[in-house]
1. Pairs under 6 Å by beta carbon, first residue not assigned by TED's automatic domain parsing to the domain that holds Thr104 in segment 66-92, partner modelled with pLDDT of 95 or more and surrounded by fewer than 17 Cβ atoms within 10 Å (Cβ to Cβ), six or more apart or different chains?
2. Please list, ordered by first then second residue, the pairs with beta carbon atoms under 8 Å, 6 or more apart or interchain, first in segment 135-161 and free of Cβ contacts under 8 Å to residues at least 12 places away in the same chain, second outside any helix (DSSP H, G or I).
3. For the subset of segment 99-139 comprising residues that are more than 27 Å from Trp85 (Cβ to Cβ) and of a type in the set (Gly, Ala, Ser), which member is surrounded by the fewest Cβ atoms within 10 Å (Cβ to Cβ)?
4. Inside segment 1-109, counting only strands (runs of 3 or more DSSP E) that do not spill past its ends, which hold 3 or more residues that are modelled with pLDDT of 95 or more and of a type outside the set (D, E, K, R)?
5. Among the residues in segment 124-141, are any at pLDDT 95 or above, over 27 Å from His218 (Cα atoms), in contact with a helix residue (DSSP H, G or I) (Cβ under 6 Å, 6 or more places away or on another chain) and not aliphatic (A, V, I, L, M)?
6. Which of the residues that make up segment 199-219 are hydroxyl-bearing (Ser, Thr, Tyr) and in a strand (DSSP E or B)?
7. Kindly provide the set of residues from segment 35-67 that are surrounded by 13 or more Cβ atoms within 10 Å (Cβ to Cβ) and aliphatic (A, V, I, L, M), ordered by number.
8. Scan segment 198-236 residue by residue and report those that are surrounded by fewer than 17 Cβ atoms within 10 Å (Cβ to Cβ) and small (Gly, Ala, Ser).
Amino acid sequence: MVAKSFQDMEQVTEPYAASGKMYVKVKHPNTGNIRQVRWYTDAEYSKYYPEVKIIQPKKSQKDVLGFTNGYITIFKGNTYTHLDWFKQSIARYARHWGWYIISTAEVPADLPEGIEPIRLNWEDVSDDGITVKDEDKVKAFVETLIFESGTSEYVGAIGQRLELNLTVISAIELDGSYGRSTMHIMEDDDGNIFVWSTSAKTLAAGSTFHCKGTVKDHRVYKNNKQTVLTRCSSLD
């Protein structure tokens, strides 16, 4: 193999040895002059003309997540009941916003009944235009898009002891590091939502609970304000 500057010239001889090295004669395309030039083995050529590796720039988080055109498509509705459809589709899944389709792909026309596509813009999930916000902040914003705003309001101040009459909406059994417990979702007569987890008892859905409890936290879940209780004791 000849040097790069001679590779476009016509070789007019086979490689030959001279003074312990290999040569070949080439013909200049314009002048027609014949010139003797070195003929390199593959090893010699790699030594004198090492391959220049082009390092591709790393993709930004925006592109990796699919916001290439400035948005992704997320979905409103019960996606869990259509899990098989989403798994077989072009959709991806992320903890921050659930199932979604990147902006460079077309949303399928055969969306399951009850599923509505929603646009999620990059500027809504990134403060600096480079990275995604904290997961909890993103989830809180996404919930405002895919869940209707509830009428529940926070009750009491954190640390305040309250006397309450509550109706149990649901009782969800949980397995944790300290054994099994039950998370109770309850509401008062004004429709305000309360959450109380305990391993001491499980209240039946639909039952009423007259109690005293301490406000542990205020939080938003599925675009609904919730008052989290602790140290609840029955007054019945």
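1. Nothing qualifies.
2. Pairs that qualify, where the first residue is free of Cβ contacts under 8 Å to residues at least 12 places away in the same chain and the partner is outside any helix (DSSP H, G or I): there are none.
3. So the residue we want is Gly129.
4. Result: 71-76, 98-102.
5. No, every residue in segment 124-141 fails to be at pLDDT 95 or above, over 27 Å from His218 (Cα atoms), in contact with a helix residue (DSSP H, G or I) (Cβ under 6 Å, 6 or more places away or on another chain) and not aliphatic (A, V, I, L, M).
6. Of everything in segment 199-219, those that are hydroxyl-bearing (Ser, Thr, Tyr) and in a strand (DSSP E or B) turn out to be Thr208, Thr214.
7. Result: Val37, Leu65.
8. Residues satisfying the conditions are Ser199, Ala200, Ala204, Ala205, Gly206, Ser207, Ser233, Ser234.
The values are calculated or read from the model by the stated rules, or taken from the named source; none is laboratory data. In this text, all values refer to a predicted model and were calculated from it rather than measured experimentally. When we count neighbours, we look across all protein chains shown, and the Cβ atoms used for this are built from the backbone with ideal geometry, even at glycine.
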